[in-house]
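The values are calculated or read from the model by the stated rules, or taken from the named source; none is laboratory data. Worth saying up front: this structure is predicted, and the values here are computed from it rather than measured. FYI the Cβ positions are ideal-geometry reconstructions off the backbone, even for glycines, and counts take in every protein chain you see. These accessible areas exclude ligands, DNA and RNA; they are computed on the full protein's heavy atoms, side chains included. Shrake-Rupley method; radii C 1.70, N 1.55, O 1.52, S 1.80 Å.
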Amino acid sequence: MDALSLHRNIVTSYQDYIRSFVDIRDEDIRKRVEEELANGTLWPEPLIQFNPSFEKSHSIADLVKQGVLVSKMGDVFHGYQLYTHQVQALTHGAARKSFVVTSGTGSGKSLTYIGTIFNALFAAGHGAGTKALIVYPMNALINSQVEELKKYARNYKTATGQEFPIRFAAYTGQTGDDERAEIIKNPPDILLTNYMMLELLMTRHGEAQLRDSIFHSLEFLAFDELHTYRGRQGADVSYLIRRIRAAATHHLTAMGTSATM
């Protein structure tokens, strides 16, 4: 496929489409509009970028052998080859050090905080309240991540023949009443939510049981797509983080990912 020829054909078709709507009687205005159209004001030049190649490093199995990660991580992420930034982040997370990963799309940023949380839950135990909050800017990202977590759970079952012991659940405006009631009654190890729902969770009376579980058990607080939290929204999120940190019983390991900063 000739990408540049394809681009020219698309732009030409779009130009014809736009011009079919242009019917300006004033000569000066018509002349100015035609000049702008001729200069390509509505169709910029194609953007050509290099596809980044991320530096490869150790595998999950290597980190297990080195004692950085617990052995069960090899069952969840069997055969996973890691990039350098993933190894660095997982090493920080295993040592309970906070981190932010800034890397390109498709570089496995979410694995850094998911892996950190899994490793801690395998090492210290699970089923004793919500240990990790993962906050996303959009429900679509949450739904996608839930499917990814289900894949990890299947990997574990395939490797061990046992059910995945770590519980996770999405808690958003799309969550049904019955499922929401079950989450409040029996909080999962990992709760995936958006920052607006988390704000409501911190204040609504009906969710006091879940809120208390979070304050008592929480050890990890992760934010996906950090670059989206700026301006007023960023200020709101910063106050939300302070509120959670002030009420939490344990020291929190904070994690974040961003494609751009």
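Taking each DSSP H run with n ≥ 4 as -39500 (n - 2.57) and averaging over every residue of the chain yields -15500 deg cm²/dmol at 222 nm. Residues whose amide H falls under 5 Å from that of Y83, counting only those 5 or more places apart or on a different chain, are S57, with hydrogens built in the peptide plane. Under the criterion of Cα pairs below 8 Å and six or more residues apart, the relative contact order for region 142-205 equals 33 percent. Apolar share of the accessible surface for region 26-84: 49 percent from carbon plus sulfur atoms, 1.4 Å probe.
Of (i) 15.3; (ii) 12.6; (iii) 19.9, which is the value of mean projected area of the Cα convex hull in nm² derived from the coordinates here? Comparing each candidate, only (iii) matches the computed number.
Legend: calculated FRET efficiency, A208 to R242, from the Cβ-Cβ distance at R0 = 22 Å, rounded to 0.05, equals 0.65.
Within the same chain, lysines fewer than 8 places from K97 are excluded, and of the rest, those with a Cα less than 28 Å from its Cα are K56, K65, K72, K109, K131, K150, K151.
The residues of the chain present an accessible area of 57 Å² per residue when probed at 1.4 Å with all protein chains retained. Across region 1-152, Cα-Cα pairs more than 24 Å apart make up 55 percent of the total.
Dipole of the chain (Lys/Arg Cβ +1, Asp/Glu Cβ -1, origin at the Cα centre): which of Q209, T175, A140 lies farthest to the positive side? Towards the positive end, the residue furthest out is Q209.
The dipole here belongs to the chain: it is taken about the Cα centre, uses +1 on the Cβ of Lys and Arg and -1 on the Cβ of Asp and Glu, and is about 1040 debye. Annotation: amide H-H contacts under 5 Å for V101 (H modelled 1.01 Å from N, sequence separation of 5 or more, or interchain): G256, T257, S258.
The local environment of Q15, defined by Cβ-Cβ distances under 13 Å, has a net charge of -1 under the rule Lys, Arg +1 and Asp, Glu -1. Considering only protein heavy atoms and a 1.4 Å probe, what is the carbon-and-sulfur percentage of the accessible area of region 136-261? Looking at region 136-261 in its full context, I get 52 percent from C and S. Couplings 3J(HN,Hα) of region 189-195, computed from phi: 5, 10, 10, 9, 8, 10, 5 Hz, in residue order, whole Hz [Karplus 6.51 cos²θ - 1.76 cosθ + 1.60, θ = phi - 60°; x for Gly and Pro].
Secondary structure note: in the chain, about 10% of the DSSP beta bridges are antiparallel.
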